[in-house]
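J.: My questions all concern the structure below.
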Amino acid sequence: MFFLLLLLITFSQLSANPQKNYQSFNDGQSFIKNQIQKKINKNKAKNVIVIVGDGYGITTNYINRLNQGQINGGLGDEFVLPHEKLDHLALIKTYTTNGQTPDSAGTSTAIHSGIKTKSGIIGLTDSSIRGDCMSKRTEVESISDIFKKLDKSVGVVTNTRITHATPAALYAHSFDRNWEDDSKVPKDCSQDDIALQLINSDIDLALGGGKRHFLPLEIVSQKGKRTDSRNLIEEFKNSGGIYLNNENDFQNYKIDTKKRLIGLFADSHFPYLAKEENKPSLLDLSNLAIEYLNKNKNGYYLLIEAGRIDHGHHAGKLNYVLRQTQQFNKLIQNIIQKVNLQETLLIVTADHAHSLGVNGYCGRGSKVNGICYRINPKESKHQSKPNLGLDGKPFSVVNYLNGPGSVFEKKYFLQYAFRKRLSDFDYDDIEFDHEALIPLFKESHSGLDVVAYASGPFSFLLNGTIEQNFLFHIINYAIKNSNIN
Ligand SMILES: [Zn+2]
């Protein structure tokens with residue numbers, strides 16, 4: 001009798017499902033309900049938008065999520081970023097044909113041409129050698145060419161120089177990513193520089209920075225770099241294009257899709273948001289791009305690069321990165337609201353990752369740019385005591401594996417010893433060189449996978465762990481509903 005009673009009590013406890021009163025359990029139930037109701041979208045894609053967070057790897061996504069979640073008043077982890085709400089995702093292998101650790105030239109060429117190539121090369125096959133004008137030159141057919149053949153429009157928007165590697169792979173072919181103007185191209189090389197290739201391309205719209213590569217040395221005020229005395233901006237205007245030089249031009253511009261549009265709003269890259277607001281902002285430029293491109297009834301391709309995330313990492317300044325990623329979130333949210341995902345394939349991805357790693361064991365709510373505090377056994381929020389290393393010193397929630405903020409104290413030139421005292425650190429200082437291990441002048445990329453998130457036509461093809469160049473093939477398939485090139 002006793003055993004029967006015990007059995008009954010045990011059974012009733014099981015069937016009562018005590019965890020169902022918990023939010024996290026119900027969230028899981030809702031997730032299943034939503035997933036099974038999802039319809040696969042096999043519409044032919046009219047438009048494709050690719051948003052590239054340059055250097056926006058998985059760990060950068062992690063710090064962005066925690067930071068944005070904490071800004072919004074939570075502990076951080078529970079927060080869902082705009083792109084994390086998209087329907088599908090794949091892990092992307094980013095290596096180039098010669099780089100376990102890739103760069104933006106090789107990776108953007110992969111996304112835009114469907115093949116992997118060497119690091120440092122723009123829009124050429126792997127037969128070329130970086131910087132060697134005498135090596136074999138086979139220009140790839142890019143996504144831009146394919147969209148143009150279908151009478152679709154093509155645009156590119158970035159907060160870096162428009163001639164920088166990620167945007168350049170859409171419209172240019174170069175033995176070297178650094179040949180942004182003629183001054184860097186070897187004198188005996190017949191290849192046009194990247195700025196000239198943009199002017200001569202059929203890209204409908206290009207908005208970003210980098211006017212110095214279009215202007216001759218003689219224009220000192222805008223840091224002109226060209227040694228051939230050509231003013232490509234004037235040449236572009238004389239050929240019938242519309243050029244926007246500043247915020248005022250941007251505000252006064254009236255869309256005329258019969259005329260190509262180029263806007264260059266900074267001599268080089270846009271300033272870091274930690275230093276000044278960008279006017280116009282990447283979001284403003286993206287809105288204009290969509291409005292312009294949308295006027296083509298056949299559709300469009302738009303590449304949007306949030307490129308300063310990468311540069312913030314290279315500088316080892318995590319606080320710069322966090323400012324840039326906040327803008328990145330707003331940008332993505334805005335695009336999701338603006339476009340019709342029944343006819344637009346939207347992909348949010350990164351070209352490559354960075355050397356940022358994540359420590360443990362941190363209690364919840366530890367600030368992502370600060371110290372890793374101990375887990376609190378009694379409540380969600382962390383204890384006030386930090387975790388300590390065996391040297392008795394606290395450590396950061398995230399560390400760079402290399403960079404200017406090395407924990408080794410500089411003794412004299414290129415000689416390092418001892419770990420810095422943590423009291424030396426001011427994590428909230430916007431200029432703070434975030435903790436790193438190996439001392440380097442510039443923090444590096446890493447070979448870690450990135451994620452591609454997607455919604456819209458054929459976004460379900462983003463599935464599994466795939467090569468970066470497969471993104472091209474997914475886009476190509478989505479706009480044609482066939483695999484024929
Ligand atoms: Zn980089």
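The values are calculated or read from the model by the stated rules, or taken from the named source; none is laboratory data. Values in this document were obtained by computation on a predicted structure and should not be read as measured data. Note that we place each Cβ from the backbone using ideal geometry, even for glycine, and neighbour counts take in every protein chain shown. Ligands, DNA and RNA are stripped out before the accessible areas are found, and what is left, the full protein with its side chains, is counted by its heavy atoms. Shrake-Rupley method; radii C 1.70, N 1.55, O 1.52, S 1.80 Å.
J.: What is the one condition in (1) away from the ligand (no atom under 16 Å from the Cβ); (2) open to solvent by 10 Å² or more (accessible area, probe 1.4 Å); (3) part of a loop (DSSP other than H, G, I, E, B) that residue 330 does not satisfy?
T.: Result: residue 330 fails condition (3) only.
J.: Here are 291, 277, 305: which of them is modelled with pLDDT under 95 and either over 19 Å from residue 198 (Cα atoms) or touching a Ser or Thr at 6+ places or on another chain (Cβ under 8 Å) (or both)?
T.: Details: 291 fails: modelled with pLDDT under 95; 305 fails: modelled with pLDDT under 95.
Selected residue: 277, the only one of 291, 277, 305 that is modelled with pLDDT under 95 and either over 19 Å from residue 198 (Cα atoms) or touching a Ser or Thr at 6+ places or on another chain (Cβ under 8 Å) (or both).
Residues are listed down the side, and each one gets a yes or a no for (1) crowded, with 22+ Cβ neighbours inside 10 Å; (2) under 28 Å from the mean Cα position of the chain (by Cα); (3) away from the ligand (no atom under 16 Å from the Cβ); (4) closer than 30 Å to residue 100 by Cβ:
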{"position": "338", "(1), (2), (3), (4)": "no, yes, yes, no"}
{"position": "349", "(1), (2), (3), (4)": "yes, yes, no, yes"}
{"position": "359", "(1), (2), (3), (4)": "no, yes, yes, yes"}
{"position": "365", "(1), (2), (3), (4)": "no, yes, yes, no"}
{"position": "376", "(1), (2), (3), (4)": "no, no, yes, no"}
{"position": "386", "(1), (2), (3), (4)": "no, no, yes, no"}
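J.: Something else about it: Could you list all residues from region 75-117 that are surrounded by fewer than 24 Cβ atoms within 10 Å (Cβ to Cβ) and within 16 Å of the ligand (Cβ to nearest atom)?
T.: 95, 99, 100, 101, 103 - these are the residues of region 75-117 that are surrounded by fewer than 24 Cβ atoms within 10 Å (Cβ to Cβ) and within 16 Å of the ligand (Cβ to nearest atom).
J.: Okay, moving on. Just one of the numbered conditions (1) open to solvent by less than 10 Å² (accessible area, probe 1.4 Å); (2) out of contact with any Pro (no Cβ under 9 Å at 6 or more places or on another chain) is not true of residue 156; which one?
T.: Condition (2) is where residue 156 drops out.
J.: Could I ask something else about it? Which of (1) crowded, with 24+ Cβ neighbours inside 10 Å; (2) over 25 Å from residue 473 (Cβ atoms) is the odd one out, the single condition residue 168 does not satisfy?
T.: (2)
J.: Right, another one. Take the residues in region 425-460 that are away from the ligand (no atom under 16 Å from the Cβ) and among the hydroxyl-bearing types (Ser, Thr, Tyr), then tell me which one is nearest to residue 401 (Cα to Cα).
T.: For region 425-460, the residue satisfying everything is 427.
J.: Do we have residue 259 as of a type in the set (Lys, Arg), open to solvent by 30 Å² or more (accessible area, probe 1.4 Å) and at pLDDT 95 or above here?
T.: On the way: of a type in the set (Lys, Arg): yes; open to solvent by 30 Å² or more (accessible area, probe 1.4 Å): yes; at pLDDT 95 or above: yes.
Yes.
J.: Quick check, is residue 319 in a helix (DSSP H, G or I), within 21 Å of residue 90 (Cα to Cα) and more than 16 Å from the ligand (Cβ to nearest atom)?
T.: It is false that residue 319 is in a helix (DSSP H, G or I), within 21 Å of residue 90 (Cα to Cα) and more than 16 Å from the ligand (Cβ to nearest atom).
J.: Oh, and also: Does region 392-409 hold any residues that are on the phi < 0 side of the Ramachandran plot and out of contact with any strand residue (DSSP E or B) (no Cβ under 6 Å at 6 or more places or on another chain), and which are they?
T.: Within region 392-409, the subset on the phi < 0 side of the Ramachandran plot is 393-402, 404-409.
393, 395, 396, 397, 404 - these are the residues of region 392-409 that are on the phi < 0 side of the Ramachandran plot and out of contact with any strand residue (DSSP E or B) (no Cβ under 6 Å at 6 or more places or on another chain).
J.: Something else now. What helices (runs of 4 or more DSSP H) lie completely within region 179-275 and have 3 or more residues being touching a helix residue (DSSP H, G or I) at 6+ places or on another chain (Cβ under 9 Å)?
T.: Numbers: elements: 194-200, 232-238, 247-252.
In region 179-275, the matching helices (runs of 4 or more DSSP H) lie at 194-200, 232-238.
J.: Could you tell me whether residue 20 is open to solvent by 90 Å² or more (accessible area, probe 1.4 Å) and not hydroxyl-bearing (Ser, Thr, Tyr)?
T.: Numbers: open to solvent by 90 Å² or more (accessible area, probe 1.4 Å): yes; not hydroxyl-bearing (Ser, Thr, Tyr): yes.
The answer is yes for residue 20.
J.: Could I ask something else about it? Which one is farthest from the ligand (Cβ to nearest atom), of the residues in region 461-485 that are surrounded by fewer than 19 Cβ atoms within 10 Å (Cβ to Cβ) and small (Gly, Ala, Ser)?
T.: Taking the candidates together, the pick is 482.
J.: Scan region 122-139 and tell me whether some residue there is within 16 Å of the ligand (Cβ to nearest atom), open to solvent by less than 10 Å² (accessible area, probe 1.4 Å) and out of contact with any Asp or Glu (no Cβ under 6 Å at 6 or more places or on another chain).
T.: Filtering region 122-139 for residues within 16 Å of the ligand (Cβ to nearest atom) gives 122, 130.
Next, only the ones that are open to solvent by less than 10 Å² (accessible area, probe 1.4 Å) stay: 122.
Now drop any that are not out of contact with any Asp or Glu (no Cβ under 6 Å at 6 or more places or on another chain), which leaves 122.
For region 122-139, residues within 16 Å of the ligand (Cβ to nearest atom), open to solvent by less than 10 Å² (accessible area, probe 1.4 Å) and out of contact with any Asp or Glu (no Cβ under 6 Å at 6 or more places or on another chain): present.
J.: Tally time: how many residues in region 282-309 are within 16 Å of the ligand (Cβ to nearest atom), open to solvent by less than 10 Å² (accessible area, probe 1.4 Å) and in a helix (DSSP H, G or I)? Write out each step before concluding.
T.: As a first pass, look at region 282-309 and keep what is within 16 Å of the ligand (Cβ to nearest atom): 305-309.
From what is left, the residues that are open to solvent by less than 10 Å² (accessible area, probe 1.4 Å) are 305-307, 309.
Those left that are additionally in a helix (DSSP H, G or I): 309.
Residues meeting the conditions: 1.
J.: Which of the residues that make up region 270-281 are open to solvent by 30 Å² or more (accessible area, probe 1.4 Å) and away from the ligand (no atom under 16 Å from the Cβ)? Lay out the reasoning, then the answer.
T.: From region 270-281, those open to solvent by 30 Å² or more (accessible area, probe 1.4 Å) are 271-272, 275-277, 279; that's our starting set.
Within region 270-281, 271, 275, 276, 277, 279 qualify.
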